[in-house]
Structures are given as structure tokens and as C-alpha cells.
Amino acid sequence: MAVHERDEEKESPSLRTCFEYLDQTSRSFSSVIKELHPELLVPVALFYLILRGLDTIEDDMTIPLEKKDPLLRGFYKITEQEGWTFDGNGPDEKDRGLLVHFNAVIEEFLKVKPVYREIIKDITQKMGNGMADYANNAEHNANGVNTIKDYDLYCHYVAGLVGNGLTRLFVESGLANVALLDRPSLQESMGLFLQKTNIIRDIKEDFDDKRRFWPKEIWSKYVTNFEDLFKPEHLDAALNCSSEMVLNSLTHADECLFYLAGIKEQSVFNFAAIPQSMAIATLEKVFRNPQILKKNVKITKGSACAIMTESTQNLKLVCEVFRRFTRKIHKRNTPRDPNFLKISIACGKVSTIAFGALSSHLKTSRRSNNSSNRYSLLRTRKPLYWKRRTNPHPKRQRKSKKMHR
């Protein structure tokens, strides 16, 4: 049963249009957005549609750069221009209808609380400028991403900024712990973990579209030319390359769990947790899987439904999801892979932190129902789980602490 349900009878025609486009443009986020707390339902739905509109312009290679650049950089201003629409997308651009009827989004956006509007406009401006910079980068357009630093920056613009904007909305609404604002790396990881996992999964689709997001700094260790990754004679090298990409994504997984500990309200927790659980499951699915070089690999609908159910309960079950899939990655890891040791360490770290988060969650739940206690892990730069991991006898550790008092 939904945590919150929309009251469609009270919605204006323009708002109903917005939700129709939400359903059309987002298969994965639409359902969880529509179950959000009433305070955030419309702001988050419009935030998604505004960024989807921005992305539809950026993604359309039929729009000339001299027209695309000012549109991207000025899109945050467009969000408050009543009646604005855009029919300049190519006929094959799948989300062009959203921009053709973008006046409905603007009409509803102008009704949103000013503080929410400012947050959304700020992220839209930053993302639009980042997209415009990449669109003007001839080397990026011709050769794709070069360095891991460039890769992280690209993912920051298209996903990390979203994590920042959503966090500010969550905190401003009073539905998330204010301590999250002091942990920008957690906000960033929530976006980068999703984006990097999708980039690994979509390698064949992006290659067919002549787009390269895997950084040359990684793939050049394994093959001479990027297209060699898809040749049967280079399969072993391609799988080793893909495992390093998985390793790069996996470095964000632990911070996602820390972030989720700062959510106060169930519908917001569901909204944040479900995509992260799907991402760790997808990461396990693509790990050393040769099929990603042939087609887009996805988890089954049955598995997706089971993961969604687990991820809409509490932090305990989400931690168990992360532990389960990292253990599967670890089990399939092979000593023949040059990344074997690093992947083993990364999987162990996520699994240990997930177990620590679970233990801390249960301990604080027994001690107190006070949310300030429950989310205390966000107040320290180095969460206590990392210390606990080094001592196999936690009871002895507690005794020794008493002796020093």
C-alpha cells in the first residue's frame, strides 16, 4: 500500500498534465515520486520534469550548438517564463512532448513555495552550465571522457547536483536530518552511485549511439582502442576493464548507506532507498558479465519487485540488500582479474559497514525512539562502524572504554 496517495480530484488540469509526463518520461522514479509526502510531492515531481526537459535539449544532437548553448545556460530562467514551450527537438527525440507542453510545468512551478523554487532553479542553473560546457568541449564530443577526474565531474553535473538539490528539499521540508547538509560527499555519492552504475550497464547502447563515457584512463589499460572492448578476441581484457569500472562505482556504496540513515520520513526513505538498492543489484548483474558488451542487461522484473519491497521497510533491510549483493560480487571475483584484491577490499568494506549500520540501527532503536540519537552517525566525519570492524570482540571493546573513563 502506498505511503501517501495523490488526491487527483483536487489537482488542476496543468498539474494532471505534469503527472502524465512524469509517467511517460520516468519508468523508475514515477511511482515513488507519486507516493511522496504531500509537502514534497509536487516540488520533487516538477524538479524531475525540469531536469528532464533540460536533458532533452542537451541530448538532442539535431539542435545546433549555437542554439543549444543559450538554452542550456538560461533554462533556469525559462522555468518562470509563463507560456514558454519548445518545439525545436528532432522528431525522434522521445521526450520532445514534454517541452512542447512545458507551459504546464511552468504554471505549476510558479505555485511552489519560493524556497523550493530557489533550490530547484539553483541546481538547474549549475547543471545547465555544466551541460553547456561539455557540449562545447570538442575533444569530449569526439573522443568521450578522458580521465577519471573528468568522469567524476561529468557525473557530478548530471547526477551529483541532483543529490544536492534533493537533500536541500528534504531538509527544508523537515523530513531529513539537517546533518546531511554538512556531508556533501554523501549527497554526491547518492547521485554518482546511480549514474556510474547506469554508465556501466549502458556501454553497448552508448557505443552504438557514438557516445563514450567510460574514461580512457581506465579502458586504455586493457585495450588500444575503445572499440576493441567489443571484439571477441579481447573479451578477457574487456571483462577486466568492466570490473575496474564496477570498482569505481562501488566506492560510493558505503556513503549511500550513511545518507539513508539521515532520512526521517518513510516516503522520503523509500524514494531515496529504492534506486540505491536497484543500483547495487544492477552492479552485481553487470559484474564480469560479457552480455553487457552485446546488449543492455537488466535485473528481472521479479527481482526488481522483491528489492522494492525490501527497500520500503527500514534501514535494516536495505543494509541486508547491500550485503547480499556485495557478497555475490565478491563470490564471482577472480584472482585472474588485476583488480581482484581491490574489489575484495571494497566488497568487504561495504559489507562490514552495512553490518555496522544494521547493528547501530538495532542498538539505538532499543535505546531510544529519539531521531536525534538514531541519526547520530552523521555527526562524525568517520562513522563509528569503521572502528568496530577492527575488533572481533565488541563486548571487550566496551569494557575497555569503561576502564578509561
| field | Ordering of 228-240, 123-135 by burial proxy (mean other Cβ atoms within 10 Å per residue, highest first) | value | 123-135, 228-240
| request: Read phi for every residue in segment 150-162 and hand back ³J(HN,Hα) as whole Hz from Karplus 6.51 cos²θ - 1.76 cosθ + 1.60, θ = phi - 60°, with x for Gly and Pro. | output: 5, 4, 5, 5, 4, 5, 4, 5, 8, 9, x, 4, 5
| task | Give me the distance in nm between label points sitting 7 Å out from Cα along the Cα-to-Cβ direction at GLU11 and VAL100, one decimal. | result | 2.0
| task | Find the Cα radius of gyration of the chain, compare it with 2.2 N^0.38 Å by division, and give the number to two decimals. | result | 1.02
| query | What is the set of long-range amide H partners of ASN137 at a cut-off below 5 Å, with H atoms built 1.01 Å from backbone N? | reply | none
| task | Jot down the radius of gyration and Dmax of segment 137-378, Cα atoms only, both in angstrom. | result | 18.4, 59
| said: For a protection proxy built on the mean count of beta-carbon atoms within 10 angstrom, sort 308-314, 42-48 highest first, please. | reply: 42-48, 308-314
| remark: When the charge dipole of the chain is computed with +1 at the Cβ of Lys and Arg and -1 at the Cβ of Asp and Glu, the Cα pointing farthest to the positive end, of LEU46, PHE86, ALA272, is that of ALA272
| query | Across 5 Å bins from 0, what is the distribution of all Cα-Cα pair distances for segment 1-116, in whole percents? | reply | 2, 11, 22, 24, 19, 12, 6, 3, 1, 0
| remark: Residues whose modelled amide H sits under 5 Å from the amide H of TRP84, counting only those 5 or more places away in sequence or on another chain, are none
| query | Under 18 Å from a point 7 Å along the Cα-to-Cβ line of ARG324: which residues of segment 285-306 have their amide N that close? | reply | 285-287, 298-306
| request: Would you calculate, for the chain, the mean residue ellipticity at 222 nm contributed by helices, counting each DSSP H stretch of 4 or more residues as -39,500 (n - 2.57) and dividing by all residues, to the nearest 500? | output: -20000 deg cm²/dmol
| Placing +1 at every Lys and Arg Cβ and -1 at every Asp and Glu Cβ, with all other atoms neutral, what dipole size does the chain have around its Cα centre, in debye to the nearest 20? | 3660
| task | Could you run the Karplus curve 6.51 cos²θ - 1.76 cosθ + 1.60 with θ = phi - 60° over segment 52-68 and give me ³J(HN,Hα) per residue in whole Hz, x for Gly and Pro? | result | 5, x, 4, 5, 5, 6, 5, 7, 7, 7, 7, 7, x, 4, 5, 8, 5
| field | Around ILE63: net Lys/Arg minus Asp/Glu count, Cβ-Cβ under 12 Å | value | -4
| field | Magnitude of the charge dipole, segment 1-131, Cβ model with Lys/Arg +1 and Asp/Glu -1, debye to 20 | value | 320
| message | I'd like the Karplus ³J(HN,Hα) series for segment 72-83: coefficients 6.51, -1.76, 1.60, θ = phi - 60°, whole numbers in Hz, and an x wherever there's a Gly or Pro. | response | 5, 6, x, 5, 5, 6, 4, 4, 10, 9, 4, x
| said: If the elastic network links every pair of Cα atoms under 10 Å, which of GLY302, GLY191, GLY174 fluctuates the most in the Gaussian network model of the chain? | reply: GLY302
| query | Between ILE345 and VAL178, how many nm apart are label points set 7 Å from Cα along the C-beta direction? | reply | 3.8
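All of the numbers you see were taken from the coordinates with simple rules; none came from a lab. If you're wondering where the values come from, they're calculated on a predicted model, not measured in any experiment. In this analysis, Cβ positions are derived from the backbone assuming ideal geometry, glycine residues included, and neighbour counts consider all displayed protein chains.
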